Every structure is written in structure tokens, then in C-alpha cells.
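One structure is given here, and the rest of the page talks about it.
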Amino acid sequence: MSKKNDLLPQMDHCASWHGVIVTLFLILKLELWLCQEVEVFSPPLNLEIHNDSLHQRLLVEWNVSNKAFEPDTEIVFDIQVARSENMNIIANEIFLPDIHIGHVTSIRWTWDSQLPLECDSHSVRIRSKVVGKVFTVERNWSTWSPWKTHQGQNKERTRTGIYPYQRVVPEGSNVTFCCLPGRGQVVQKMRYGSEQMTQDFDTGTDSFVTSVKNVVRTKSDGTNVICVLGEKNPAGTVLIVSRLPDEPKKFSCETQDLQTLRCSWSPGPLYNFFGILKVTYVLQEWLSMKSYSCQRDHCVLPVKMNQQTYNFTLTARNRLGERSINSVVYLNQRVLLLAPSSLRVDHENASSITLSWSLRADYTTLGIQCQVDLQKTLVNVTSRGKRPTEIYKVSLSGLQPYTQYNLRVRCMADSSLAGWSNWTNIVVRTNEDAPTGALDVWRHIEEDDDGRIVTLYWRPSPHFKANGNISHYNIKIRPLEGAPEARESSVSGVKSFSISLGEQAYSINVTAHNKAGGSPPAELRIPAKAASGTEQTAADRSYGKDGGIYIMWQHKRNVHGYVVEWCSVPRSPHCDLQWKKYNSSIQSDVIKSRTFRPGVRYDFRIYGSMEDGEHLLEKAEGYTKENVSSVKPNVKISKIESRSIFLDWSPYPTDGSQEGFITGYNVYVNDTEKDCDLDKADDYPQLGHFRLCKFCIRDPNKMQITINKLRPNGKYEVAVVAITGGGETPAEFRKAYTPTDTGAALRSILAPVLTVLALALALLFIGCWKRTWLKRMCFPDIPDPNKSKIFSFDGKKGSMNGNILPTINHEPQLVDVVSIQEKRQHEMNKEVVISSEHQQHEAYTKIQTREGIGRDEDFGESYVPFDTEKSLYPTMKDPLYNSQPLCLEFFNQTYTSTSEDVNDNIPGYRPQLNITQVQCPPYVVQSVKPESGLDNDEPVICFNSPDYGSEPMSPTSVDSTAFILVD
């Protein structure tokens with residue numbers, strides 16, 4: 001027990017030493033590991049630099065020690081790139097290669113330079129470190145490797161260089177150029193194409209560096225880059241800008257003979273892929289590991305025995321890169337059969353054939369489908385594939401005899417997705433057969449005294465089929481009555497036949513023949529001459545409809561059909577007779593023909609089919625479209641009178657030579673001096689500024705007209721136009737002048753003369769018959785002024801003496817005041833005719849005594865008698881009347897002359913001389929003292945008015961009791 005206790009301290013001491021030893025071991029091991037890590041931090045070995053001027057790329061290659069390949073470690077490289085002798089760092093990159101793949105001992109790194117490598121020197125150095133995956137010391141890099149320099153062309157050059165030289169870049173790139181001048185030279189400028197470039201940066205040397213940004217596609221031979229050093233010897237290069245080839249589209253492969261496989265695709269636009277830019281196509285088949293050089297859009301390669309699947313990669317490649325596509329092809333799905341060949345036809349009969357063909361390849365492993373196109377009718381044929389020497393066949397029936405068919409054949413593999421082969425054509429005509437259906441036969445009969453000439457016409461009917469080449473026609477003629485004396489004729493190459501027949505009825509049969517036989521007979525009966533109908537039937541008018549001519553006819557009993565015939569070329573020796581047949585239920589039709597022309601009259605004859613033949617029933621004529629007649633009426637003015645014109649335009653054709661039916665005429669009359677207003681006109685159309693008179697004639701056979709009620713000595717224009725369904729012919733006016741009407745002029749002169757003469761005779765007769773009354777009316781008795789009561793006054797007018805001639809003191813009295821009632825001015829301007837029975841002049845004078853006589857004294861009345869032999873009033877034409885004042889001169893009739901008035905004792909008329917002209921104001925009454933020649937004691941009374949002006953004093957005489965007053 002004690003021994004054990006003594007051993008315990010010893011064991012504890014050993015255990016403590018054990019821990020120390022372990023700790024020291026770990027420390028030593030760690031130091032050893034650290035020492036090993038430091039040993040890995042060696043610089044890269046064998047550093048090399050290579051130049052790839054084409055791509056402006058530096059290829060850097062170096063080696064590493066084997067310790068870099070230990071597990072759980074990774075090696076990292078720090079790479080620096082410097083430019084020029086000054087070692088300007090232009091790139092610094094951390095590179096982590098995967099060196100464990102294949103235990104590669106050589107490491108490669110590439111660097112693309114923006115500046116061409118020839119323009120300056122470039123140097124590279126590398127350092128590395130190893131990084132453990134468990135415990136990493138990131139701070140320990142190896143030392144740098146020595147600089148490895150790639151020298152440019154800027155040292156020790158003798159001539160100018162420009163870089164990059166003939167480079168190809170993709171469009172959109174940025175390209176840097178440098179020009180290195182030769183010894184003793186200086187770069188002046190650089191040009192890219194026609195654009196002058198500027199220097200981008202200074203390299204510290206005499207080189208000129210410039211850049212082109214975002215370049216566009218050039219021609220295949222590129223764009224020039226010029227470095228100008230002087231007037232002579234410029235340096236230059238070419239820059240070609242293009243693009244990567246397009247990715248191929250629509251890639252597919254087909255085989256036709258199972259021996260070769262043809263693959264095709266769409267390469268895309270050609271761009272500038274010429275010369276060094278040319279695109280190459282390579283087809284790689286991965287199962288057989290074969291590679292094939294191809295054309296731009298297709299490639300042909302052999303089919304491998306027993307290989308049904310093909311895995312392809314198609315690569316398009318040029319200087320800028322490549323594009324590729326992949327496709328898997330299954331051979332049995334891509335079989336496109338060859339077109340059928342060696343087509344042959346075997347005839348079984350006129351309506352059946354056998355068609356055979358072959359395929360020039362071995363398709364025994366395939367199922368085959370074929371199609372025969374029989375003029376839009378497809379016939380399907382299914383068969384197993386055969387060898388190239390074997391044939392495929394099919395029978396075709398139901399064909400038309402002697403008919404040409406265009407046949408074509410194509411085939412397709414059952415399992416193929418490539419589709420049908422191309423068509424192969426063949427033309428086949430079936431054999432002849434006997435004609436089927438009867439001909440359509442008609443006739444034309446010309447009768448004369450000797451008999452009848454019958455011309456037969458025939459053509460294929462709607463039911464007739466020749467079924468071959470018609471070699472000839474047989475015509476068989478026999479009478480309907482009497483002995484059957486049949487005649488038979490044969491013609492070929494024509495479709496008409498003329499024969500002379502008698503007056504009896506005949507039956508004619510016509511048949512068509514080819515190599516295979518004849519057609520059923522077509523019978524036509526010719527009636528006897530006596531019953532052949534009348535040729536004098538009037539033609540009815542027909543009119544155009546729907547591009548043809550509408551024909552109608554009456555239904556007839558005992559008629560089992562109708563025939564309408566016409567000439568395609570009317571009024572021509574070559575009539576080209578046409579006909580159309582109808583059953584008995586049809587009574588109208590629109591006849592159409594490609595030969596019909598507008599403005600041409602066509603004559604139609606309608607026949608009724610009876611037991612003994614066809615009889616003429618009706619005639620018709622018409623136009624598809626009526627035109628205006630090209631023949632104008634030739635108008636003649638046959639007679640002209642002062643009030644009428646007679647027009648004549650006969651003869652004028654109305655037959656079939658016209659371009660339409662003449663339905664009448666229009667006559668136009670134009671009065672050149674005014675609008676025409678003849679009341680018999682049917683219409684008044686307007687022509688320019690004048691209105692015409694239009695006369696309508698509805699009878700086309702009436703070709704004369706008389707136009708009445710014209711003006712004598714008038715100027716007219718007349719025209720006549722013909723009317724058809726197409727319109728009027730152009731109007732041609734002719735001048736017509738009507739002569740003067742002498743009878744009317746004479747009547748206009750004689751009528752007033754005779755009228756005046758009759759009135760004169762009537763007045764003479766009345767004058768002789770009523771001469772006493774006329775004398776009394778024209779020359780009345782002169783009244784006695786002394787017996788006139790014109791100055792009689794009644795008592796109501798004052799206390800005047802009622803005597804006309806008072807017996808009181810006959811002393812001269814002077815008239816001072818005169819009142820006159822004037823007539824109105826318009827009455828004064830009239831010429832006054834005074835009759836002897838009513839001539840009176842009333843004047844009421846209020847006599848006032850001179851100064852000293854009292855107002856209460858009686859006044860006397862005085863009157864002055866008028867000279868009835870003289871006119872009382874002067875006319876307006878009297879010179880004494882114009883512009884003279886109205887004056888009245890009164891003398892007292894009771895005045896007694898004295899001895900001093902010597903001149904007053906001389907009897908007779910004494911005109912007053914020295915008449916005083918007195919001017920008076922309007923409506924003023926004055927007492928004027930006259931000059932010598934008048935009595936000083938007698939006044940002159942003047943009246944003046946605005947209407948009269950100044951009037952002269954009235955002339956009178958001493959002895960006369962009358963005085964003249966101006967009205």
C-alpha cells in the first residue's frame with residue numbers, strides 16, 4: 001500500500017511531462033507547416049510572353065512547383081501589365097486558375113490590349129500565393145517575378161508603320177490606331193476614310209495615337225486609314241468592319257434514294273461576307289464522328305449502312321467568330337421519293353386506259369402512296385415499295401372517247417414527313433368511238449320557174465359528240481310520196497350541201513361518220529312548193545335586250561316546234577346563215593350571238609315545224625343597239641314666200657342600211673333676229689341665246705313640211721334631223737330669207753286713203769243736206785250791243801240807276817278803281833273761241849268822283865260795247881300778247897267833245913299812236929296818267945299778275961266802242 005502511494009507522485013509527474021511533450025510537438029508541427037507554406041510562396045517560374053498581333057493580344061505562360069497541386073490548396077496569381085519604358089501600370093488582375101484538372105504544370109493567361117502591341121513596349125510580372133482550404137494565410141504573397149517585356153515597333157525603326165494592320169473587327173467596336181513615323185519624320189495628321197482624326201493621348205514618343213468609336217460595317221475590302229507625314233509617301237492600312245455570321249435557320253435533311261442525305265438551311269443575308277470575311281459552313285455528325293465541309297446553304301453526305309439516326313451540328317464561321325445549331329434527323333422520316341418516271345399508257349377501249357410508271361430507287365423497305373391527277377380528279381394508289389426495275393400501275397375507266405387528258409403522278413413514303421414528290425406529267429388521248437347524237441340540220445330554199453335549189457346546213461347539236469375525227473357526211477334524200485327514189489351523196493370537209501329538188505315534199509337524212517362508225521340520222525323535211533308559205537309577210541320590229549335582240553311570235557295550231565333563222569353578216573354575199581330551234585311551248589326569246597354588232601339591222605324569219613316540214617310564219621327585224629343615223633337628211637328649200645317656207649328632203653333611206661329605225665323627223669326653225677314664237681311649233685328648245693321652234697314629224701315616210709306664219713323680210717335658219725332609237729342626226733342649219741309682202745304694203749297705203757275719202761264724201765253729203773243749220777252754226781247773227789243786258793244790275797247790288805245809259809250830267813268821269821274777276825291760269829292759256837250768241841264781257845265798275853265830290857252821291861254806270869267783227873282776245877302767238885301787262889282803257893260814253901278836239905271830228909278809224917307802256921306790279925290797280933294822244937282827263941287802269949308778266953296797254957280807236965283785252 002505504501003508502495004502504491006509512493007508511485008502516485010511519480011505518475012503525476014510523468015503525466016505532466018506528457019502534456020508538455022504533446023504541446024511542444026504541436027508547436028513544432030505548426031512551425032513546420034508554416035515553414036512549408038512559406039516555401040510554397042515562390043514566384044512563378046519560366047515566365048514567357050507571346051504576341052498575337054491579329055487579335056492585339058498578349059499570351060503569358062509560366063510554370064509552378066509541384067507543391068501547388070497538393071490537395072486542399074489553391075494558388076492565386078497577381079498579374080500586372082505595364083506600358084513603355086517607364087513601366088506605367090495599365091492593368092492589374094487576380095487570376096485563379098484551375099490547375100487540378102489534368103495536373104497541368106504550365107499556366108496560361110491572355111490579355112487584350114486596346115493599343116496595338118506594336119505601338120509601344122508592354123511588360124508583365126506575376127506573383128503568387130497558396131491558399132489552404134482549411135487554414136489560410138492571406139497576407140503572404142511571393143515576391144514579384146522579374147518584368148518580362150514585349151518590345152513594340154517604336155524603337156530603332158527606319159520607316160513609317162501604322163497599326164493595327166488590316167484588322168477585322170465587329171461592327172460597334174472601338175478601334176485605336178497608332179502611326180509610328182520613320183526616322184526624321186513627324187506625323188501631321190491621320191484620316192479614317194474621309195474623316196480627319198485627332199490624337200487621343202500622348203504616349204511619350206513621337207507616335208500618333210487616335211481612336212474610332214462605334215465603327216459601322218464597311219465594304220468587304222474595308223476602309224482606308226491614312227497617316228500623313230508630308231506631301232509624299234503617306235502610310236496607310238485598312239480596317240474591315242463586319243459581323244458574325246447569322247445563325248442558320250430552317251435546317252432540314254432529306255433523302256430521295258436512301259443513298260445520300262441532303263441537308264439544307266437558310267444562311268441569312270450575305271452582308272459583306274466576301275474575301276477574308278467569307279463564311280465557312282461545317283456539318284459535324286457526332287455518332288459517326290464525321291465532319292463535312294458544306295456549301296453556303298446545303299450539304300450532301302452519304303447515308304451510313306443501317307444508321308437511321310443522325311446527330312448534326314452545323315457551324316457557320318468567319319474571322320469574327322462562329323454560330324452553330326444542333327439537329328437530330330431520323331432517316332425514315334426524311335425520305336422524299338424521287339419523281340415517277342417512265343410513264344406509259346395502255347388503251348383498253350375508247351373509255352378505259354392503264355397507266356404505269358416506275359421509281360428509280362430501291363424503296364422495298366417503305367410503304368408507298370401515289371396519286372394520279374385526272375384533270376382535277378385524284379385517284380389514290382397504295383403499294384409496297386419496289387425495286388427500280390419494277391413498275392407501279394393503275395386502271396382508269398369512265399373516260400370520254402377521243403378526248404385528250406393531261407395526267408400527272410406523284411408519290412410519297414408512308415412514314416415520311418418530307419411530303420410528296422414532284423409531279424410527272426403525261427398527255428393521253430383516248431381511242432375513237434362512233435359519233436353519238438344526231439346533227440342539227442337546217443336548209444335554205446331558193447325557188448325559180450325550173451324548181452327549187454335547197455342548200456343544206458348542219459352543225460353539232462348539244463347532244464352530238466363526234467368521238468373522233470369526222471371523215472365524211474352522208475346525205476340521203478327521198479320523196480315523202482310516190483315511189484321511194486332515194487338518192488344518197490357523201491361529202492367531206494364541208495358543212496353544207498346544195499341539191500336541186502322538184503315541187504313535191506322530201507325527207508332528207510344527214511349522218512356523220514368517223515373511223516369507228518356513223519351517228520344517228522338527223523331528218524329534215526322539205527314541204528311541197530305550193531305549201532311553202534308566203535314571202536310577202538311584213539317584218540315586225542324587234543328591239544335590243546340584254547345584249548341580244550328580243551323576238552316574239554304568235555302561237556300556231558298544228559305546230560310542234562319553231563325555227564328562227566338569221567344572217568350573221570346581213571347584206572353580204574356571205575350570209576353565214578344561223579338558226580335556233582324551239583319547242584312548241586316557247587313563243588319568245590332573246591337571240592344572242594358573238595357576231596352581233598350595234599347599229600346593224602338583222603332580219604329574222606320564224607318558221608313553224610309541221611308534219612311535212614317547216615313553213616314561214618313571221619318576219620322580224622331589229623338591232624341589238626340603235627345608233628344615230630350617219631346619213632343626214634339632204635334638205636332643199638323648194639319654195640319661199642313672204643310668210644312661209646316649203647322644205648323637202650326626199651328621198652331619204654329608211655331601210656336596213658340605216659343604223660337604227662327611222663321613227664320620224666324634227667324640224668328646227670331659228671329666227672336670227674329674235675326668239676322664235678310660231679304658235680304651231682311642238683316645242684321651243686333653247687339654242688345659245690335664242691329660242692328655236694321645233695316641229696315634230698312622226699311619219700318617217702313624210703319628207704316635206706310647210707312652215708307658215710313667218711315674218712316678211714325675215715332672216716331664218718332651218719334644219720331637219722332624222723330620229724332613231726340612238727338619237728338625232730347632227731343638225732345642219734340652212735339660211736332662208738322671206739321676201740317683202742307687197743300686197744300688205746299696198747293695203748296699208750290704200751286703207752287710210754280710202755278711209756279719208758269716205759269721210760270727206762260723208763261730210764260733203766251732210767253739208768249739202770244740213771247747209772242751213774251749218775250756216776247758222778258757223779256764221780251766227782251779230783247781236784246789237786245796245787240791246788245787251790250785260791250791264792244790267794238789279795237792286796240788290798246797290799242803289800244804282802237801272803238805266804244803261806244814264807241821262808244825267810254827261811261830264812267825263814275818270815275811272816279810278818276797277819275790280820276784275822280773272823279766270824284761272826289754265827283757262828287763260830286756252831284759245832278762246834267766242835260764238836256770236838254768247839260773246840259778253842262783264843265789267844262792274846265802281847265810279848268814284850274826283851276830289852270834292854261827296855261819297856253820298858249816286859254813281860253812274862257805264863259800259864263799253866265790243867267790236868264784234870274783231871277777235872276779243874289775242875292768241876298766244878300774238879306778239880302783242882307776250883310779256884305785256886293787262887291794261888283796260890275806258891271812255892265815258894256820255895262824254896261830249898269840245899271845239900278843242902279837232903281831231904275828234906274827223907270821221908273814220910284812227911289807230912292810237914304812242915301807246916303808253918305801263919309796268920304794273922302784281923295784282924295792283926293804279927290810275928295812270930296817259931301821255932299825248934290820249935285825253936288828259938281820262939285815266940288808264942292797269943292790272944298785273946304773276947302769270948301775265950307785263951302786258952301792253954290795250955289798243956283801241958276813238959270811234960270804236962270796243963277794246964281788245966288780252967286773255
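Side notes on the structure shown:
- There is at least one residue in region 532-550 that is open to solvent by 40 Å² or more (accessible area, probe 1.4 Å) and at pLDDT 95 or above.
Let's see how each residue does on (1) closer than 25 Å to G725 by Cα; (2) of a type outside the set (A, V, I, L, M); (3) at pLDDT below 95:
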{"position": "E485", "(1), (2), (3)": "no, yes, yes"}
{"position": "S500", "(1), (2), (3)": "no, yes, yes"}
{"position": "A528", "(1), (2), (3)": "no, no, yes"}
{"position": "H574", "(1), (2), (3)": "no, yes, yes"}
{"position": "V590", "(1), (2), (3)": "yes, no, no"}
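- Among the conditions (1) touching a residue at least 24 places away in the same chain (Cβ under 8 Å); (2) surrounded by fewer than 15 Cβ atoms within 10 Å (Cβ to Cβ); (3) not polar (S, T, N, Q), the only one that R384 does not satisfy is (1).
- Residue check for Y473: open to solvent by 70 Å² or more (accessible area, probe 1.4 Å) and at pLDDT 95 or above: no
- When restricted to residues that are open to solvent by 40 Å² or more (accessible area, probe 1.4 Å) and more than 16 Å from T389 (Cβ to Cβ), region 336-350 contains 4.
- Yes/no for L687 being among the hydrophobic types (A, V, I, L, M, F, W, C), more than 13 Å from Y665 (Cβ to Cβ) and surrounded by fewer than 17 Cβ atoms within 10 Å (Cβ to Cβ): yes
- Candidate set: region 39-55, residues that are touching a Ser or Thr at 6+ places or on another chain (Cβ under 8 Å) and not in a strand (DSSP E or B); chosen: the one modelled with the highest pLDDT: P44
- Counted residues, region 259-272 - those being in contact with a strand residue (DSSP E or B) (Cβ under 9 Å, 6 or more places away or on another chain), farther than 30 Å from T365 by Cα and either open to solvent by 60 Å² or more (accessible area, probe 1.4 Å) or of a type in the set (K, R) (or both): 1
- Residue that is surrounded by the fewest Cβ atoms within 10 Å (Cβ to Cβ), among those in region 695-716 that are assigned to a loop (DSSP other than H, G, I, E, B) and of a type in the set (K, R): R698
- Of the residues making up region 628-652, just one is within 20 Å of D603 (Cβ to Cβ) and open to solvent by less than 50 Å² (accessible area, probe 1.4 Å), namely S629.
- Scanning region 690-737 for residues that are of a type in the set (A, V, I, L, M), farther than 25 Å from E673 by Cβ and in contact (Cβ under 8 Å) with a residue 60 or more places away in the chain yields a total of 3.
- Inclusion of K625 among residues that are open to solvent by 10 Å² or more (accessible area, probe 1.4 Å), among the basic types (K, R), in a strand (DSSP E or B) and on the phi < 0 side of the Ramachandran plot is not warranted.
- Residues satisfying the stated conditions in region 316-335, i.e. surrounded by fewer than 18 Cβ atoms within 10 Å (Cβ to Cβ) and in a strand (DSSP E or B): R317, G321, E322, R323, S324, I325, N326, S327, V328, Y330
- Check on Y602, open to solvent by less than 40 Å² (accessible area, probe 1.4 Å), free of Cβ contacts under 8 Å to residues at least 24 places away in the same chain and out of contact with any Gly (no Cβ under 6 Å at 6 or more places or on another chain): no
- A single member of G547, G599, G622, G613 is within 21 Å of S507 (Cα to Cα) and not charged (D, E, K, R), and it is G613.
- When restricted to residues that are in a strand (DSSP E or B) and touching a residue at least 40 places away in the same chain (Cβ under 8 Å), region 466-496 contains 5.
- Qualifying position, being open to solvent by less than 60 Å² (accessible area, probe 1.4 Å) and within 55 Å of the chain's Cα centre (by Cα), among L399, L417, L366, L378: L399
- One residue from A744, A719, A731, A736 being open to solvent by less than 60 Å² (accessible area, probe 1.4 Å), hydrophobic (A, V, I, L, M, F, W, C) and at pLDDT below 90: A744
- Among the residues of region 159-202, those that are open to solvent by less than 30 Å² (accessible area, probe 1.4 Å), more than 30 Å from K278 (Cα to Cα) and not in a strand (DSSP E or B) comprise P181, G182, V187.
- Residue pairs meeting the criteria (Cβ under 6 Å; at least 6 apart or on separate chains; first closer than 23 Å to P340 by Cα and in contact (Cβ under 8 Å) with a residue 60 or more places away in the chain, in region 253-274; second open to solvent by 60 Å² or more (accessible area, probe 1.4 Å) and not in a loop (DSSP other than H, G, I, E, B)): E254/R262
- Positions within region 581-599 being exposed (fewer than 14 other Cβ atoms within 10 Å of the Cβ), small (G, A, S) and touching a strand residue (DSSP E or B) at 6+ places or on another chain (Cβ under 9 Å), in sequence order: S588
- Some residue of region 389-397 being of a type in the set (A, V, I, L, M), touching a Gly at 6+ places or on another chain (Cβ under 9 Å) and closer than 18 Å to D257 by Cβ: no
- Residues within region 218-258 that are polar (S, T, N, Q), under 30 Å from K386 (Cα atoms) and buried (at least 18 other Cβ atoms within 10 Å of the Cβ), tallied: 2
- So V628, is it touching a strand residue (DSSP E or B) at 6+ places or on another chain (Cβ under 9 Å), farther than 25 Å from G548 by Cβ, aliphatic (A, V, I, L, M) and touching a residue at least 40 places away in the same chain (Cβ under 8 Å): no
The values are calculated or read from the model by the stated rules, or taken from the named source; none is laboratory data. What you are looking at is a predicted structure, and each value in this text was computed from that prediction instead of being measured. Don't worry about glycine lacking a Cβ; one is built from the backbone with ideal geometry, like all the others, and counts go over all protein chains shown. Just the protein is used for accessible areas: all its heavy atoms, side chains included, with ligands, DNA and RNA removed. Shrake-Rupley method; radii C 1.70, N 1.55, O 1.52, S 1.80 Å.
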